[in-house]
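What follows is a set of notes on a single structure, which appears directly below.
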Amino acid sequence: MLKKWFRAGAAALAILSVSAGVVGVGTVQAGPTDTIAKGAPWTSSITYQNVGTDPADVTIRFYPGGGASPVVYTRPTQLAAGAGTSLSVGSVTGIDQFGTQGSAVLEANSEIAATPVYLVSGGLAGRNVRPLSNGFKATDASATFLVPTVLNNVFETTSVVAVQNTEQEDITVTGTFYNAADTTAAPVVKTQNLGIGESWIIDASSIGLASGFNGSAVFTAVKVAGGDAKIVATSSEYSTTGSNASSFEGVPQGATKFFMPSALCGFGGEINIGAETAYAIQNSDLTQDATVKITYLNLDGTVNVTTSEFTIGAGQKKSALGCGGRGSDGLTPDSAAEIIGNGANFNGSAVIESTNGVKIVAIGKVTRAGLSTAFVGTADGKGAATLALPYIRWGTDADFNAGTRQRAFIAIQNIGTTDATNVAVKYQDKDGNTVATQTIATIAAGGAKQNSSPILANAFTDTTNNTFGEYSDGSFGGGVLVVGSTGSQLAATVRIQSGQPSTTLATGEDFSGISVGQ
């Protein structure tokens, strides 16, 4: 059976960004400097893993937009079951017709998981910033897609959102942008027609949003010929003054509860210095307010602290900080009552819940300590017994500290109602061989999490240098399958970090575990 992955995306310098069987998210036009993320010469690659049981024949169709025919890339050899690899989009013959942005669809006769990786050659301001996000399965597409945070020149950041047509016919997409900073302002509404496989690339600075806009977006689609149409969406955020950048997927529908595998306060240092999570929470209901609370959990699942309830208006968003509470500006709490007291060096997980039954969506971000990451929370009931993590690396100390190689840190959360036992974290090389398995005896029910990494699992594809996903011939490729007990409901966030030259800080970005067999 042919399986399709989609991904909306943009890219720079005639290079298409793509992801997991997919389409890329990706960037904006090349700028005059290599120190500022917004406008830098971004490029991309697709990292993908065969998570099925049979060898996979893989084809990627790159769509330049404007009705032009796609550029078709077919992998020259089959990808073995369990194997992982990557494709530099710039190496695809004929891709130069794309200009600076486009989209793609990955097709295979076995189940594939993938993520796009965006990067600037040589890094930005000496920092190897590499935004990541997941591709979408065909079954993920929906007539409605939500993007919980959209920024235009606020917090020194601007969003670029990509919305892709997954239908085999032309569609019309409507985007409605809600201003969280001014809830009395009328939403900004824009429309765009899209051909087969094409993406609408929306730079928040050029569609009529006011400078300083801090809000969210809802996208809906219909077929030009009539009837609902299905789409997917991804957003990237770029610093307008520095090198920070991140990427995350949109969400097709809300739920009353979202699980966040990563919750940090002053991790690795003091409050306001060490890494800290921030959550952007959007009310997916366009007619009524949502009442929301957040419960922060220790590693064993016990409650660290619970926020007071707060209200999010219809279609609006609010932000919550891992150390300090919720702030409408995303930085400071709205009132002293919302300062919640996660202490320094807190490393746990969180559950974000709508207590009045109105559905919400949530994404997480990690800031401070050099990090600029983003990941999507997992809705209640949307966990899986098996998760694919297609992009896992572990570089040497020298390479990591120089910022030229990456290291993966995995947070696995149990979002089910029963304990997950004997969870196997299987590290697989580029040929599909399992080189090591870390077994986690128990992850408690209700949101507890445990951690894994190649170093914890003693998983090395090059035992001479003790690296994972790197090989002596200069090639790369390696991933993880997380396998829980039957009926387990697991979620995972992977943080890919790089060191920085001449500093103890690391830069990093997150992507989410991808369900297998669902």
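Throughout, read-outs are computed from the coordinates displayed, never taken from laboratory work. Values in this document were obtained by computation on a predicted structure and should not be read as measured data. For neighbour counting, all protein chains shown are included, and Cβ atoms are generated from backbone atoms with ideal geometry for every residue, glycine included.
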Can you find, among ASN466, GLN428, ALA491, the residue farthest towards the positive end of the dipole of the range 386-515? Put +1 on the C-beta of Lys and Arg, -1 on that of Asp and Glu.
ALA491
About the Cα centre of the range 423-518, what is the dipole size in debye to 20, counting +1 per Lys and Arg Cβ and -1 per Asp and Glu Cβ, all else neutral?
360
Whole-Hz ³J(HN,Hα) for each residue in the range 311-323, computed from phi via Karplus 6.51 cos²θ - 1.76 cosθ + 1.60 with θ = phi - 60°, x for glycine and proline: what do you get?
9, 10, x, 3, x, 8, 9, 9, 10, 9, 9, x, 9
Tell me, what ³J(HN,Hα) does each residue in the range 105-111 have, in order and in whole Hz, if you take phi through Karplus 6.51 cos²θ - 1.76 cosθ + 1.60 with θ = phi - 60° and put x for Gly and Pro?
9, 9, 10, 8, 9, 9, 6
Going by C-beta contacts inside 10 Å, put SER308, SER239 in order with the fewest on the left.
SER308, SER239
Relative packing of 186-199, 165-178, 309-322, which averages over residues the other C-beta atoms within 10 Å, highest first
309-322, 165-178, 186-199
Antiparallel bridges, percent of DSSP beta bridges restricted to the range 3-249 (to nearest 5):
100
Cα-centre dipole for the chain with unit charges at Cβ (Lys and Arg positive, Asp and Glu negative), debye to 20
100
Among PRO76, TYR63, THR166, which residue has its Cα positioned farthest towards the positive end of the charge dipole of the range 3-249, with +1 placed on the Cβ of Lys and Arg, -1 on the Cβ of Asp and Glu, and the dipole taken about the Cα centre?
PRO76
Of PHE476, ILE415, ALA398, which is farthest along the charge dipole of the range 386-515 in the positive direction, counting Lys and Arg as +1 and Asp and Glu as -1 at C-beta?
ILE415
Past the 31 Å Cα-Cα mark, which pairs from LYS230/LYS382; LYS137/LYS190; LYS317/LYS382; LYS223/LYS365; LYS230/LYS317?
LYS223/LYS365
What dipole magnitude, in Debye to the nearest 20, does the range 3-249 give about its Cα centre under +1 on Lys/Arg Cβ and -1 on Asp/Glu Cβ?
200
Cα-based radius of gyration of the range 46-169 once divided by 2.2 N^0.38 Å, which approximates compact folds:
1.18
Translational D (Stokes-Einstein, µm²/s) of the range 386-515 at 10 °C and 1.306 mPa s when Rh comes from the Kirkwood sum over C-alpha pairs?
106
Hull-based mean projected area of the range 227-288, where the convex hull spans the alpha carbons, in square nanometres
7.4
Where a ≥ b ≥ c are root eigenvalues of the Cα gyration tensor, a/c under 1.5 meaning rounded, otherwise prolate if a/b exceeds b/c and oblate otherwise, the range 102-242 counts as oblate
THR461's amide H: which non-local residues (gap 5+, or another chain) put their own amide H closer than 5 Å, with H modeled 1.01 Å from N in plane and none for Pro or chain starts?
THR467, PHE468, GLY469, GLU470
Rounded to whole Hz, the Karplus (6.51, -1.76, 1.60) HN-Hα couplings of the range 239-245, x for glycine and proline:
5, 8, 10, x, 9, 5, 7
If I take every Cα pair under 8 Å that is 6 or more residues apart in the chain, average their sequence separation and divide by the length, what percent do I get for the relative contact order?
15
Tell me the mean residue ellipticity at 222 nm calculated for the chain from its helices only (DSSP H runs of n ≥ 4, each -39500 (n - 2.57), averaged over every residue, nearest 500).
-500 deg cm²/dmol
If amide H atoms are built 1.01 Å from N in the plane of the peptide, which residues on other chains or at least 5 residues away come under 5 Å of the amide H of THR149?
ALA217
